[in-house]
Structure formats: structure tokens, C-alpha cells
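S.K.: Quick one: the structure is below, and I'll ask about it shortly.
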Amino acid sequence: MKKLYVFLAFLLFCTGCAAQTEKIKEQEETEIADNVLSVEPEIADNTLPVETETENEQEEIIKEELTMDKIKLLAEKEELYLQDLLVWEGLQESSLSGISEKHYYYTILEENKEYRLDFSTRQDGQLGFVRLVDMQTMLSIDIRTGNIEHLLCNEVLMEDYLTFAFPEEILVEDYDLYAGHFGGCGLTLAGENGTVPCGGIYILNGDRVSPSIVSGEMLAVAHYDNNIYHSEKEKLSIEQCPALLTVMSVEEENGESTQYYSVYFAQESDFYCYNLRLRADLFTKEEVIEIAQTVQFADIH
């Protein structure tokens with residue numbers, strides 16, 4: 001009987017242990033399940049961000065067309081800057097652009113005629129030329145002279161740029177767009193036997209002539225054309241601007257050379273350089289200097 005009690009006690013003990021073990025197992029499984037559920041799965045977000053308009057979003061700038069009337073207004077500005085010319089519709093960069101200089105243009109139609117506004121910029125951002133060109137006649141004028149109407153009426157004059165007080169016997173010929181780099185005119189000397197060519201006035205590209213100006217004095221010019229050579233050089237005291245007198249030798253198309261007393265005029269900040277030349281066999285150096293002293297420049301602002 002005692003053995004029976006011992007066996008029953010042992011059986012109850014085993015049953016309790018099994019129940020306790022089962023309870024612990026259930027608790028562990030519950031904790032594992034809870035941990036699994038508490039972890040949020042990582043989902044790859046492949047959606048693109050949605051673009052939304054904001055109050056600060058900049059509106060698209062609509063550029064205005066450049067017309068002849070607007071060019072006339074630009075010509076009237078006291079000072080014309082590069083930014084004044086870059087803001088219009090239809091800006092094109094010319095194939096003439098290089099590293100040191102950029103060339104741009106606009107095409108303008110006015111009364112069924114085509115014009116171009118050509119302009120250039122230097123490395124420092126300063127304007128070079130700003131020329132309105134009649135594409136039919138190729139006549140042009142720098143709009144900063146303020147004389148656009150002269151171009152529209154085909155009446156461009158040297159007086160749009162500069163004038164001299166010549167003696168009566170020296171006659172100024174009509175403006176020639178093919179003379180110099182940007183136009184010019186011939187000079188003739190009247191005598192008993194008629195007139196003979198005696199020189200000219202020329203508008204030159206200052207970047208090509210590259211006048212060396214130091215402390216308000218012009219010291220030298222570059223070799224800018226293959227048929228023009230300079231020997232003697234003498235800086236001149238001209239009230240209007242720095243100037244340089246040279247003895248110029250020009251090789252003509254027939255192979256012969258003509259000598260001139262030549263005077264260059266330029267401001268350090270200007271794009272243009274001007275040249276007056278008179279034949280050395282018809283004028284003395286002193287006569288040429290006297291004429292050079294009378295130069296008056298148009299206001300190219």
C-alpha cells in the first residue's frame with residue numbers, strides 16, 4: 001500500500017512538471033510571436049517624388065522681340081551696356097566668335113527690309129562695336145552715334161564719327177563702307193589741273209590696331225594690315241585724345257608704294273581707332289599735324 005502512495009505521488013509530480021514545461025513553452029512562443037509582429041517590414045520606396053507647385057516658383061521669363069523702335073531707344077541711352085543687348089528674343093552667336101572676343105546678332109525686319117544688329121564683347125565684358133547693318137546694301141552704322149536715321153535713309157557720313165577742318169583745296173569724298181575696317185572716305189586735292197587723290201580718313205578696329213596708350217599718350221600701333229608699314233613714329237599732343245604720327249608706306253595693288261604722313265587717334269576705352277593719312281609728296285609733316293589738331297569726335301556713348 002505504501003508503494004502505491006509513492007507511485008501516485010511520483011506520477012503527480014511528473015504531471016506537474018510537464019504542465020509547467022508546457023506553460024513555459026507557450027510563454028516563449030507568445031513572446032517570439034509578439035517580437036515578430038512588432039518589427040515593421042522594410043518596403044523599398046520606388047515611387048518618384050511628386051512635384052508640387054509652390055508660391056515661390058519662378059515664372060517663365062518671356063523675352064520681347066527686338067524691333068527698330070527699340071533699337072532707336074537703345075541708341076538714345078546715355079551709356080549702353082552689354083546687358084542691354086542680351087535680353088531680347090532671337091539672340092544668335094556668330095561664327096566669328098573666338099576666345100578673346102564674342103560676336104552676336106539679331107535679325108530685324110523693318111518695312112520689308114532685313115537689318116542685323118551686330119555687336120561684339122571683349123574678354124572683360126565691355127562692348128566692342130554695336131552696328132546696325134542694312135543687309136541689302138551692307139551699309140552700317142554704330143547705333144551709339146545716335147544717327148540710325150542716316151542708315152535707314154542710306155546717308156551714313158564720316159561726320160557721324162569725326163570731322164576735320166580741312167583747307168578749301170582738300171575735298172572730302174562720300175562715305176565708303178568698304179574703306180578701312182568699318183568704313184571711311186577718300187580725300188582729294190583740288191588744283192589747276194583738276195583733282196588728285198591725296199589721302200583718306202578710316203575707321204579701324206581698335207583690337208587689330210592695338211594702340212599702345214600709356215599715361216594718356218599713344219606710343220605705338222600694331223602691324224594690322226599686310227600692305228601697310230610704319231617707320232618713323234612721333235606721339236602728338238592732341239586735346240581730344242591720344243594720337244600718334246607715323247610715316248606710313250602703303251603697297252598699292254599695282255605693286256608700287258605710296259608714302260603718307262599718318263595720324264592715329266584712339267581712346268584707351270574705345271573700340272574704334274581712327275586714321276587720317278595724307279600723301280607725303282603733297283603735304284609737309286607740319287601741315288598734317290595742323291590738320292590733325294582740328295579733329296572733332298561725335299559722341300559715341
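S.K.: Name the residues in the stretch 199-244 that are assigned to a strand (DSSP E or B), over 18 Å from Phe297 (Cα atoms) and among the hydrophobic types (A, V, I, L, M, F, W, C), would you?
M.R.: Selection gives Ile213, Val214, Leu219, Ala220, Ile228.
S.K.: Conditions first: (1) out of contact with any helix residue (DSSP H, G or I) (no Cβ under 7 Å at 6 or more places or on another chain); (2) more than 22 Å from Tyr272 (Cα to Cα). Ser120 passes all but one, so which condition is the exception?
M.R.: Condition (2) is where Ser120 drops out.
S.K.: Go through (1) closer than 20 Å to Tyr260 by Cβ; (2) free of Cβ contacts under 8 Å to residues at least 12 places away in the same chain for Glu111 and report which single condition fails.
M.R.: Failed condition: (1).
S.K.: Okay, moving on. Being basic (Lys, Arg), more than 29 Å from Gly199 (Cβ to Cβ) and either outside any loop (DSSP other than H, G, I, E, B) or open to solvent by 20 Å² or more (accessible area, probe 1.4 Å) (or both), is that true of even one residue in the stretch 141-162?
M.R.: No, the stretch 141-162 has no match at all.
S.K.: OK, next. Take His181 and tell me if it is under 30 Å from Val133 (Cβ atoms) and modelled with pLDDT of 90 or more.
M.R.: yes
S.K.: In the stretch 281-301, what residues are touching a residue at least 60 places away in the same chain (Cβ under 8 Å) and over 20 Å from Glu159 (Cβ atoms)?
M.R.: If the condition is that a residue be touching a residue at least 60 places away in the same chain (Cβ under 8 Å) and over 20 Å from Glu159 (Cβ atoms), then Leu282, Phe283 are the ones that fit.
S.K.: Asp299 fails exactly one of the following numbered conditions: (1) outside any loop (DSSP other than H, G, I, E, B); (2) open to solvent by 70 Å² or more (accessible area, probe 1.4 Å). What is the number of that condition?
M.R.: (1)
S.K.: Scan the stretch 251-296 for residues that are open to solvent by 30 Å² or more (accessible area, probe 1.4 Å), within 22 Å of Leu219 (Cα to Cα) and among the hydrophobic types (A, V, I, L, M, F, W, C) and report the count.
M.R.: So the count comes out to 2.
S.K.: Out of the residues in the stretch 95-133 that are of a type in the set (S, T, N, Q) and in a strand (DSSP E or B), which is farthest from Leu66 (Cα to Cα)?
M.R.: The extreme case among them is Thr121.
S.K.: Can you report the number of residues in the stretch 164-215 which are under 31 Å from the mean Cα position of the chain (by Cα), of a type in the set (A, V, I, L, M, F, W, C) and under 19 Å from Val250 (Cα atoms)?
M.R.: Summing the residues that are under 31 Å from the mean Cα position of the chain (by Cα), of a type in the set (A, V, I, L, M, F, W, C) and under 19 Å from Val250 (Cα atoms) in the stretch 164-215 gives 7.
S.K.: Sticking with this one: Which members of the stretch 171-198 meet the condition of being outside any strand (DSSP E or B) and exposed (fewer than 14 other Cβ atoms within 10 Å of the Cβ)?
M.R.: Once the filter is applied, which keeps residues that are outside any strand (DSSP E or B) and exposed (fewer than 14 other Cβ atoms within 10 Å of the Cβ), the stretch 171-198 yields Asp174, Tyr178, Glu192, Asn193.
So that you can scan it fast, the table gives a plain yes or no per residue for (1) farther than 18 Å from Val263 by Cβ; (2) at pLDDT below 90; (3) of a type in the set (Val, Ile, Thr); (4) touching a Phe, Trp or Tyr at 6+ places or on another chain (Cβ under 8 Å):
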site: Ile141; (1), (2), (3), (4): yes, no, yes, no
site: Glu155; (1), (2), (3), (4): yes, yes, no, no
site: Thr188; (1), (2), (3), (4): yes, no, yes, no
site: Val196; (1), (2), (3), (4): yes, no, yes, no
site: Met218; (1), (2), (3), (4): no, no, no, yes
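The values are calculated or read from the model by the stated rules, or taken from the named source; none is laboratory data. All figures in this text were calculated on a predicted structure; none of them were measured in a lab. In this analysis, Cβ positions are derived from the backbone assuming ideal geometry, glycine residues included, and neighbour counts consider all displayed protein chains. Just so you know, the surface numbers come from the protein's heavy atoms only, side chains and all, with ligands and any DNA or RNA stripped out. Shrake-Rupley method; radii C 1.70, N 1.55, O 1.52, S 1.80 Å.
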